[in-house]
Amino acid sequence: MTTTTYEPTAPEPELRRRGVRVGDLLFRGVAVAAALAATVLLGLIAWKVFDLARPAFQDFGLSFVWTEAWNPVTNDYGALIFIYGTVVTSLIALVLATPLSIAIALFLTEMAPRRVAGPIATMVELLAAIPSVVLGLWGILVFGPWVRDHLEPWLKDVLGFLPMFSGDPSQAGILPAALVLTIMIIPITSAICRELLIRVPRDLIDGSLALGSTRWEAIRGVMFAYAAPGIAAAVLLGLGRAFGEAIAVNQTIGNHSVIPSSWFAPGDSLGSKIASSYAGATSNLEASSLLYLAAILMVISLFANVSAQFIVVRFERARRGL
Amino acid sequence: MSEVASPDPRDLTVRSNGLRRRRVVEKIFGAVAILSALLACGILALVLGTLVFKGASQLNLDFFTKARPLFGEKGGIADALVGSAIIVGMAMLMAIPVAVLVAIYMSEYAGPKVSRALRIVLDVLNGVPAIVVGIFVFGLLVVGHGQSAVFGAFALAILMLPMVARATQEILEVVPQSLRHASLALGVTKWRTTWNVVLPAAIGGILTGVVIAVARVAGETAPLLFTTSIAANAISVNIHQALPTLPVTIFSFSESPDPGEQADAWAAALVLIGFVLVMNVLAKYFAGRKRRQLEGS
Amino acid sequence: MGERGSTMKRALALAFAVVVVVAVAIFAGRTQSAAAKPGAGSIVGTGSTFVFPLVSKWIPAVDNALGIKVTYTGTGSGTGIAQVTARSVDFGASDAPLSTDQAAACKGCVVIPWGLAGMSIPYNLPGVNGRLRLSGPVLANIYLGNITNWNAAAIKKLNPKLNLPDKKITVVYRADSSGSTYAVTGYLSEVSPQWKSKVGQGTTVNFPVGTGARGSSGVAGVVKSTEGALTYVDAAYSITNHLQFATIQNRAGGFATPGVRGVSAAVSTLPKKITNISQLKIVDPPKSAGKRAYPISTFTYVIVPTSSSKAGDMRKFIYWAVTQGQKYGPPLFFVPLPGSVKGFVYREIKTIQGT
C-alpha cells in the first residue's frame, strides 16, 4: 500500500433524503411486482383450469376419476381410461429408464476416461434436446413400424403367456408410446444421477475399497446408499415429465379410448386425449370433462414433482444432521 | 505367511472363489454400464441419422423460401420459420425480464421464507404440463378474440419463466457476497449494486439459462396448438394473427400419408434440431465463460 | 427497523402500482389488438378436413377474383363448430350440421352447404386381385369388431372372386371431432340396428375397436402404412394418396363408387325445394336413386355467424364458392351443388348481416 494520499470521492448520493432512496424503492418495487406476477400467474392457471372443469365436476363428482367411459353420444365421461394410459406408459418408461440412466451415470462418472466421458455426456444431453414432436415423428414413421414388425412379435413369442404381451402387434399402442417416453426421460434422469454420483464423497468410496470391496460393491453399497434419495427424486422428476408429455404420446399411442388388455394395442392418455379432442369439443360437458382431465393431469404431475422436492429436502436435512 | 483355513482376503496371491465371483459380477455390471451408454448414444445416432438421411434431400432453396403448401401442392417452410422466429423472440421479451427480476428479488431482497415460497411457486409452475398451459391461454385469451402470435408467445413465455428464473437465481447465489459488500461499502446504492456489479458477474450463467430455455421452448408444440395453429399459408409478420410455426407444422405433417409431406416433416425437424443443437453449443460456451469469470473474481 | 419497515411498505405499494399499470396495459392492448386485426378482405376459418382439398383450390382463386384473402386450416369439423361458436374464427367448416344444442350455443349461426362429395372406404391389401366390395351391414360389423379378419365368410360372400388373405383387419377411425365420422356413423346407424344402439351417430363416438388418427390426412396415413387397415375418408385423399377404395352396395343392389356419378345419383332423390338443412341427409339413399348411387355421400357446410363484422366479405366468398367455386370440384371428386340446394343457399346467404 502506498502512502500517497488518496481521497476517495463517494459517488453522488442518490437523492438520499431521510434514508429513503427512490432508486432502491423503484427497483425493489419492480422486483416485487415480478415475483407477484409469477405467483398470480400460477394461481390464475390453477383457478382457470378448475373453473373450466367445474361443470363436469358438478355433474360427475369425484367418481369421474374411476369411471371407465368416454362416450360423447350419450354424454358419459370418465377419466379412468386415460389415467390408466398415462400411468402405465409412464411407469413402463420409468422401469426401463431408471436402470439405464443409473448405468449411464455410472459409466460417465466411474468408468469412462475423461476424453470419452465428455463427448458421451454431450450426446446424452443432446438426446434431451430433441423436441417431443420430432421424437413423435420418428416414432410414427420409423420406430412404430419396427416395434410392430420386430419387437412385439418377439415379445409375444417370449412372454406371450402374459395378457399384456398377448395381443396383435400394432405400430401404435401403449408399448410404442411407453418406449418413446423412455427415450425422453433417460437424459433427465441420467443427468441428475450423474450430478449426484459426482457429489458422493470420495473418502466413503475409498474407505470401502480399502476394506477390500470390488468397485461395483463400493458403488452398490456406498454410492447408491448415499445417493439413494437423490436418485429417488430424479426418478420422480422423470415420472412427472412422462406424465405431462402429450404430443409424442398422442402421435404413438393410437388414440383409442379404452383400457386395452394388451400393451401392444392402442390406448389413450390424459395429455393425448386433451390434444386430440379439446379444440373440437362440441358440447360444454365434453369440453369441461376434458378440463377435468387436465386438472387430474396437473394434480398428478404436481404430486410427482412435489414428492421429488420433498425427498430432496428431507434427506438433505437428515444428512446435514449427521 | 502362516496357512490359515480361509485365505486372508487381503492376500491377492490367493484366488478365492468369493473374489473370483465378485470380480465376475463387477465385470458384468461394467459391461452393462458401457452397453447402456452405447444404447443411449445409439438411439441418438439413430434419430439424428434418420433425420439427416430422410430430410437432407429436401433442403433446397425452395424449401426455405416457399410457404407451406395447400392440398396436393409442393411448398416449403419459409412461413413457419418466420413465424417461429417471431413467436420465440416475443416469448423471450416477455419472459426474460420478469424471470430475471423474480430471481433478483429472491436472491437480493426477499427473506428466507419468502424466497423458499417463491422457489416452490417456480417449481410448481415448471411442473405444469405444456398442454395445460396451452388450454389455459386458450381459455383466457383466445376465446372470443381469435388466435394470435402474441398469445402463442405468451404461452411459451409461461414455460420459459421458471426455467430462466431458477437458472438466474442459482447463479446469483454463487456470486460472492464480497462483491456486494464491497460495492455497498463504497456507498453505492443497493439497486445499482445489483444492476452494475452483481448482474454482470452473473451474466454468463443467466445467458446459459436463457439459451437452454429457448432451446426447450422452440420445440414445444402443445402450447401453440390452441393459440396459433390456424394460420395462412403465406409468410406473414402480423403478430395479431396466428402465425405458422415449425413444431405445429411438423406435427401436422407427421401423420400425413403423402411421402412429400413426410419428407418435409423430416426436413423441418432437421432444421429445428439444428437450431436446438446450436443453442446447446452456445449454452456450453456461456457456461464456460461464467466459470472463467467467477474463478477470476 | 422502523425505517426498513416503511421502506418495505412503500416498495410494496409501488409494486402493486406497477402490477396494476401492467395489467391495464395488457387489457388495453387486447382490445386494441382485436381492433387492429387484419383489415378488410381477410377472413379466417377452420374445420373440416373433408372439404380442405376444395377450399385449398378456392383460396388462391378467390384472392384473384375478389381480392379476399382466406385463411383456412383443416382441424376437424368439431373444431370448426367449436371455434366459430367461440368466435375465435370468422367461419367454421363442418360436414355435420349443427345439433339443436350446438345451434343454441352458437347464438345465431347459419349453416350453408357449399360442397358435396363421397366418403371413400380405402383399404390396404396388397396382392389382392381386384377391388373390394362391401355392404353396409358388413362395414358396420367390421367397425363393431364382429368381423376381425379379411377372409371372414361375410366378406368372402360379397367377393367370391377375390383371393382375400388371412389377415387381421385394422380398423382406423378419426380420433378428432370429425364430420366424416358424423356422416359414416349416420350411414352405419341406418344399416345396422346394432350399431345404432351400441354406438350411434356423432362427430365423436365411442368406437368399439380400432386405432384413432387425427384428420383426414392422419387416417389416410395409417392405412397407407399398415397392411390390413381400413378407414373412411373423403375421396380426394384416397385418390391423391393412391389408396384403393371399396365399392359399397346400395339399396338398389349395385356396388357404387364415390365418384362424381355415384354421388350425383345419391342426390337425385332430393326434393325440388329445400327449406331445411335436415332435408340434406343423403346417406343410405333409397332404391329409387338407382344402382349407381353411392351410399356414403355427404354435403359439407360452412357455418357463419349471422351478424359479424366480416359479413360483407363472407357473403361474397360463399356466393363465389357455391357458383364459380364449384367448377374446381369434379377433379377432386366433389359434385357441383344441385339446383334445389343452390336456391336454399342463396336464401341462407341473405341472412348474413353486418354488425
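So between residue A:284 and residue A:209, what do we pick up on full extension, going 0.36 nm a residue minus the alpha carbon distance?
Values: separation 75, 0.36 × 75 = 27.00 nm, distance 6.55 nm.
Taking 0.36 nm per residue and subtracting the Cα distance, the gain is 20.5 nm.
Give the average, rounded to an integer, of partner chain Cβ atoms located within 10 angstrom of each Cβ in C:85-94.
Values: counts 3, 9, 4, 14, 4, 1, 0, 0, 0, 2.
If you average over the peptide's residues, the count of other-chain Cβ atoms is 4.
Evaluating 6.51 cos²θ - 1.76 cosθ + 1.60 at θ = phi - 60° for every residue in the stretch A:186-197, the Karplus couplings come out as 4, x, 4, 5, 6, 5, 5, 4, 4, 4, 5, 5 Hz, glycine and proline recorded as x.
The lysines within cross-link reach of residue C:198, meaning a Cα-to-Cα straight distance under 25 Å and a gap of 8 or more places when in the same chain, are A:273, C:168, C:281. In terms of the mean number of neighbouring beta-carbon atoms within 10 Å, the peptides B:74-83, B:110-119, B:41-50 order highest first as B:74-83, B:41-50, B:110-119. Principal-axis analysis of the Cα atoms of chain A puts helix A:80-106 at an angle of about 50° to the longest axis. Return P(r) of the stretch B:78-220 (all Cα-Cα pairs; 5 Å bins starting at 0; whole %; ordered from short to long distances). Spelled out per bin, shortest first, that is 2, 10, 17, 19, 17, 13, 9, 6, 4, 2, 1, 0. Here the spin labels are modelled as points 7 Å beyond Cα on the Cα-Cβ line, and at residue C:340 and residue A:75 they lie 3.4 nm apart. Once the mean of 1/r is taken over each pair of separate Cα atoms and inverted, the stretch A:25-112 shows a Kirkwood hydrodynamic radius of 17.8 Å.
Taking only the alpha carbons of chain C, we obtain Rg and Dmax values of 24.5, 98 Å in that order. Look at the stretch A:70-77: the mean tally of other chain Cβ atoms within 10 Å of its residues' Cβ atoms is 4. The angle separating the long axis of helix C:215-225 from the principal Cα axis of greatest extent in chain C is about 50 degrees.
Tell me the mean residue ellipticity at 222 nm calculated for the protein assembly as shown from its helices only (DSSP H runs of n ≥ 4, each -39500 (n - 2.57), averaged over every residue, nearest 500). Kindly include the intermediate steps, with their values, before the conclusion.
Details: 36 runs with 556 residues, N = 974.
After summing the helix terms and dividing by the residues of the protein assembly as shown, the value is -19000 deg cm²/dmol.
Peptides C:316-322, A:248-254 ranked from most to least packed, by the mean per-residue count of other Cβ atoms within 10 Å: A:248-254, C:316-322.
Averaged over its residues, how many other protein chain Cβ atoms are within 10 Å of peptide B:256-269's Cβ atoms? Don't jump to the answer; show the numbers that get you there.
Working: counts 10, 19, 7, 2, 0, 2, 6, 0, 0, 5, 5, 0, 3, 8.
Average per residue, whole number: 5.
Relative to the Cα centre, the charge distribution of chain B, modelled as +1 at Lys and Arg Cβ and -1 at Asp and Glu Cβ, gives a dipole magnitude of about 1100 debye. Mind checking which lysines have their Cα closer than 21 Å to the Cα of residue B:74? Skip sequence neighbours fewer than 8 apart in that chain. Residue B:74 reaches B:54, B:66, C:57, C:69, C:224.
Ordering C:297, C:155, A:98 by the projection of their Cα atoms onto the charge dipole of the protein assembly as shown, which places +1 on the Cβ of Lys and Arg and -1 on the Cβ of Asp and Glu, puts C:297 at the extreme positive end.
Taking the charge dipole of the stretch B:206-297 about its Cα centre, with +1 at Lys and Arg Cβ atoms and -1 at Asp and Glu Cβ atoms, the residue from B:286, B:251, B:262 reaching farthest to the positive side is B:286.
Charges on Cβ only, +1 for Lys and Arg, -1 for Asp and Glu, centred on the Cα centroid of the stretch A:80-321; of A:153, A:247, A:315, which one is farthest towards the dipole's positive end? Final value for the positive-end residue is A:315. Compute all pairwise cysteine Cβ distances in the protein assembly as shown, then list the cysteines with no distance under 4.7 Å to another cysteine. If one checks each Cβ against the other cysteines of the protein assembly as shown, A:193, B:41 turn up with nothing under 4.7 Å.
Taking only the C-alpha atoms of the stretch A:80-321, the Rg (one decimal) and the largest Cα-Cα distance, Dmax (whole number), read 20.1, 70 Å.
If packing is taken as the average count of other Cβ atoms within 10 Å, what order do C:224-236, A:132-144, C:272-284 fall into, highest mean first? Intermediate results must be reported in sequence, preceding the final value.
Values: C:224-236: 24.5, A:132-144: 26.0, C:272-284: 15.4.
In decreasing order of mean packing, C:224-236, A:132-144, C:272-284 become A:132-144, C:224-236, C:272-284.
For the residues B:53, B:226, B:286, a GNM of chain B with alpha-carbon springs under 10 Å puts the largest fluctuation on B:53. Relative contact order of chain A: 25 percent, from C-alpha pairs under 8 Å at least 6 residues apart in sequence.
For the protein assembly as shown, the percent of C-alpha pairs falling in each 10 Å distance bin, counted from 0 to the bin holding the largest distance, reads 2, 11, 19, 22, 18, 12, 8, 4, 2, 1, 0, 0. Rounded to the nearest 20 debye, the dipole magnitude of chain A is 1100 debye, with +1 charges on Lys and Arg beta carbons, -1 on Asp and Glu beta carbons, and the Cα centre as origin. Each Lys and Arg adds +1 at its Cβ and each Asp and Glu adds -1 at its Cβ; summed about the Cα centre, the protein assembly as shown shows a dipole of about 780 debye. Amide hydrogen proximity for residue C:170: with H placed 1.01 Å from N in the peptide plane, the residues at 5 or more positions away or on another chain lying under 5 Å are C:229, C:230. By how many degrees, 0 to 90 and rounded to 10, does the Cα axis of helix C:2-35 deviate from the longest principal axis of chain C? Roughly 50 degrees between the two axes.
Taking only C-alpha pairs under 8 Å that are 6+ residues apart, what is the relative contact order of chain B in percent? Before the final figure, lay out the partial values.
Values: 369 pairs, mean separation 74.6, N = 297.
This gives 25 percent for chain B.
Rule-based calculations on the coordinates, nothing more; no lab input. Bear in mind that the values here come from a model prediction, so they are computed numbers and not experimental data. Reconstructed Cβ throughout: ideal geometry from the backbone, glycine too, with neighbour counts over all protein chains shown.
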